[in-house]
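First up is the structure itself, then whatever we jot down about it.
What follows draws every value from the coordinates through simple rules; no lab data is involved. Source: prediction; values computed, not measured. As a convention, Cβ positions derive from the backbone with ideal geometry for all residues, glycine included, and neighbour counts pool all protein chains shown.
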Amino acid sequence: MNTRFTVIVNAYHDYALHDLDQPIPSGWRDLLVVGSLADCQAYIRKAQQCLPASAIDSEPAII
C-alpha cells in the first residue's frame, strides 16, 4: 500500500498529515502539499522553522 498524504493546517497554525482519500476535517485547510509520509513530514519541519519554538508540537498529527 502506498498511501499519499497532504499537509493541512488550522487557524492556530497546527500542521497535520492527512490521508488524501479522506475529506478534509472542518476547521482545517489543505496546503496542497501532496506526497509520501516522509515528504509531508519534511515540508512541515521546514514550515515550522518560521514559527516560535513554543508553537511547535514534537510530531505532527495524522488526521
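Looking across segment 14-46, just one residue is over 24 Å from ASN2 (Cβ atoms) and surrounded by 13 or more Cβ atoms within 10 Å (Cβ to Cβ), and that is ASP14. Within segment 12-46, the set of residues being small (Gly, Ala, Ser), touching a strand residue (DSSP E or B) at 6+ places or on another chain (Cβ under 9 Å) and not in a helix (DSSP H, G or I) comprises ALA16, GLY27, GLY35, SER36.
Among the residues making up segment 1-42, those that are of a type in the set (A, V, I, L, M, F, W, C) and in contact with a Cys (Cβ under 9 Å, 6 or more places away or on another chain) are PHE5, VAL7, LEU17, VAL33, VAL34.
Applying a threshold of 8 Å to beta carbon distances and a minimum spacing of six or more residues, or different chains, the list of pairs starting in segment 5-19 at a residue that is of a type in the set (D, E, K, R) and ending at one that is in a strand (DSSP E or B) reads ASP14/ALA61; ASP19/PHE5; ASP19/ILE62.
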